[in-house]
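Report on the structure given below.
The values are calculated or read from the model by the stated rules, or taken from the named source; none is laboratory data. This one's a predicted model, so the numbers in the text were calculated from it and none came from an experiment. Cβ placement follows ideal geometry from the backbone for every residue including glycine, while neighbour counts extend to all protein chains displayed.
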Amino acid sequence: MIRSRRGGRRGNAETAELNITAFMNLMVILVPFLLITAVFSRLAILELNLPGSSTEPADPQEQTFQLEVTVRMDRLEVGDRNQGALGIYPNSPEGYDFDGLSAKLHEIKRRYPEKTDAAILLEGDIEYDTLVQVYDRVSVREEIEEEAIVRYDLFPVISIGDAPVTDGGA
């Protein structure tokens, strides 16, 4: 009696080997290339304090110097929230007067050395680059001393908000 084999194979089945040599060669070249060409960016985090809304008038006894830098389309304004404008710097044909702003802020820091906070108020269509430049000048002053750049903190605690609307755009 001869038995027939149905439904199954029972022969010499050799296990096929997987050849990954070409893949490994590709990885050996690709990984260093990707590491060399990768752009490593430095992330910096700026802590901003947004002002709260308050409708209660401040007691005149409690009013202290509160520095505000207002960025408008045609000028920069430096002032005290309680006393008013301390300096107005109109735009020149080259753009905003950041040097005048820096000088005024340095003068204010000499008068109020313990003051560390300021508010930057922006009109609606101010470019982000302008905000960054104003932020840099309000927070830090750079001076060249003995062929090296030295940085001094001016007003590092900065709040950002909307500028008040002016009457007649003046």
Any hit, the range 146-159, residues being in a strand (DSSP E or B), closer than 17 Å to L76 by Cα and either in contact with an Asp or Glu (Cβ under 9 Å, 6 or more places away or on another chain) or not hydroxyl-bearing (S, T, Y) (or both): yes
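Here is a yes/no grid of residues against (1) in a helix (DSSP H, G or I); (2) at pLDDT below 90; (3) surrounded by 10 or more Cβ atoms within 10 Å (Cβ to Cβ); (4) within 24 Å of the chain's Cα centre (by Cα):
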site	(1), (2), (3), (4)
R3	no, yes, no, no
R9	no, yes, no, no
A22	yes, no, no, no
N25	yes, no, yes, no
L34	yes, yes, no, no
F40	no, yes, no, yes
L86	no, yes, yes, no
For the range 88-107, enumerate the residues that are within 24 Å of the chain's Cα centre (by Cα) and either of a type in the set (D, E) or within 19 Å of R151 (Cβ to Cβ) (or both). E94, D97, F98, D99, L101, S102, A103, K104, L105, H106
